[in-house]
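Just below is one structure, and these are the notes that go with it.
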Amino acid sequence: MRYTSVLSDGDATTIAHLNEIKTYGDDIIIEKEECVNHVGKRLGTALRNLVKEEKARGVTLEGKKAGALKDTAIVRLQSFNQKAIKSTLPDIPRAQKEINATLDHMNSTDKKPKHNKCPKDVESWCFYNKAKAKKEKPKSHQQMSVSLNDEVFHKVKPIYKRMSEKELLERCVRRRYELAATRGVREFNMGLASMASIRKSGRLSTQIAEKVDARREDQSSRQEERTKTRAKKKADRKKTDKKNETKEGPTYAPRAF
């Protein structure tokens with residue numbers, strides 16, 4: 001068996017070294033695959049670095065102005081990017097279109113809607129095209145929770161061009177995850193007992209989590225018991241009141257006395 005691909009984050013030091021020493025000879029080149037989650041997070045890192053770099057130049061991309069590159073916008077863009085990659089690969093042209101569609105979507109206004117790259121069916125994540133597909137009037141873009149103004153859009157666009165390059169997406173085609181692959185290899189080689197071994201070697205203890213969980217279950221049980229007790233008392237009180245009213249007649253009514 002030969003391992004001809006390495007699944008990892010952006011660090012290519014290991015794979016460069018393996019190819020340099022020609023582990024499997026001159027004819028076998030080890031390929032690098034990208035972890036889908038790491039690629040998605042890479043966009044968030046690039047956007048945060050952009051904010052810092054522009055701030056050093058005296059340009060403020062964040063702040064309170066409309067369409068600013070706030071952290072909430074970065075989180076949303078990162079989430080959209082991850083979903084675009086996961087839902088479209090291995091179709092690379094479609095992935096490229098979907099990634100850039102999220103950026104245009106966030107830069108849209110009522111006067112200048114930019115949804116031509118967004119999905120156009122009734123299941124679309126794009127509120128504008130979804131409404132159009134349903135033959136309804138789209139809501140105003142001012143109701144969008146996160147948007148990007150033109151200044152931010154043009155600053156961010158080169159990053160999106162880099163993140164949607166064919167070479168990068170080709171390394172994500174198999175939609176693998178680094179942690180999942182690591183766990184799979186570990187359990188294949190060592191079995192389920194491998195997790196206990198790792199906890200022991202790393203001096204990781206589950207005692208605190210077990211205590212917290214036990215306390216949570218105890219509190220939940222007590223709350224459930226209190227709820228049942230209150231409900232029973234209420235039902236008993238109603239039953240007693242009904243019985244007394246039947247026996248004595250109504251004890252109060254408006255203007256009855």
Query raised in the report: Which ones in region 151-169 are among the acidic types (Asp, Glu) and touching a residue at least 60 places away in the same chain (Cβ under 8 Å)?
Result: 151
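Going by the structure shown, is residue 72 within 14 Å of residue 164 (Cβ to Cβ) and either without any contact (Cβ under 8 Å) to a residue 40 or more places away in the chain or not small (Gly, Ala, Ser) (or both)? Let's see the steps before the verdict.
Numbers: within 14 Å of residue 164 (Cβ to Cβ): no; either without any contact (Cβ under 8 Å) to a residue 40 or more places away in the chain or not small (Gly, Ala, Ser) (or both): yes.
The answer is no for residue 72.
Conditions tested, residue by residue: (1) touching a Gly at 6+ places or on another chain (Cβ under 9 Å); (2) under 29 Å from residue 90 (Cα atoms); (3) acidic (Asp, Glu); (4) modelled with pLDDT of 70 or more.
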{"site": "6", "(1), (2), (3), (4)": "no, yes, no, no"}
{"site": "9", "(1), (2), (3), (4)": "no, yes, yes, no"}
{"site": "26", "(1), (2), (3), (4)": "no, no, yes, yes"}
{"site": "43", "(1), (2), (3), (4)": "no, yes, no, yes"}
{"site": "53", "(1), (2), (3), (4)": "no, no, yes, yes"}
{"site": "61", "(1), (2), (3), (4)": "no, no, no, yes"}
Query raised in the report: Quick one: residue 237 ticks every box in (1) at pLDDT 85 or above; (2) of a type outside the set (Asp, Glu); (3) surrounded by fewer than 10 Cβ atoms within 10 Å (Cβ to Cβ) bar one, so which box is it?
Result: (3)
Report summary line: Note on region 24-62: residues touching a residue at least 24 places away in the same chain (Cβ under 8 Å), assigned to a helix (DSSP H, G or I) and buried (at least 17 other Cβ atoms within 10 Å of the Cβ) are 36, 37, 38, 39, 40, 42, 43, 44, 46, 47, 50, 54
Query raised in the report: What number of residues within region 110-129 are part of a loop (DSSP other than H, G, I, E, B) and aromatic (Phe, Trp, Tyr)?
Result: 1
Report task. Looking only at region 63-92, count how many residues are in a loop (DSSP other than H, G, I, E, B), among the small types (Gly, Ala, Ser) and surrounded by 13 or more Cβ atoms within 10 Å (Cβ to Cβ). Result -> 2
Query raised in the report: Which of the residues that make up region 154-166 are buried (at least 17 other Cβ atoms within 10 Å of the Cβ) and more than 22 Å from the chain's Cα centre (by Cα)?
Result: 155
Requested in this report: State all residues of region 80-136 that are within 26 Å of residue 66 (Cβ to Cβ), touching a residue at least 24 places away in the same chain (Cβ under 8 Å) and among the polar types (S, T, N, Q); if no residue qualifies, say none.
Outcome: 81, 82, 100, 102, 107, 108, 109
Report summary line: If you go through 132, 139, 155, the only one that is farther than 15 Å from residue 81 by Cα, at pLDDT 90 or above and in a loop (DSSP other than H, G, I, E, B) is 139
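Could you list, in sequence order, all residues of region 93-126 that are hydrophobic (A, V, I, L, M, F, W, C) and surrounded by 17 or more Cβ atoms within 10 Å (Cβ to Cβ)?
First, pick out the residues of region 93-126 that are hydrophobic (A, V, I, L, M, F, W, C): 95, 99, 101, 103, 106, 118, 122, 125-126.
Passing the criteria: 95, 99, 101, 103, 106, 118, 126.
The values are calculated or read from the model by the stated rules, or taken from the named source; none is laboratory data. Please read these numbers as outputs of a predicted model, since none were measured by experiment. Quick reminder, even Gly has a Cβ in these numbers, built from the backbone with ideal geometry, and neighbours come from all protein chains shown.
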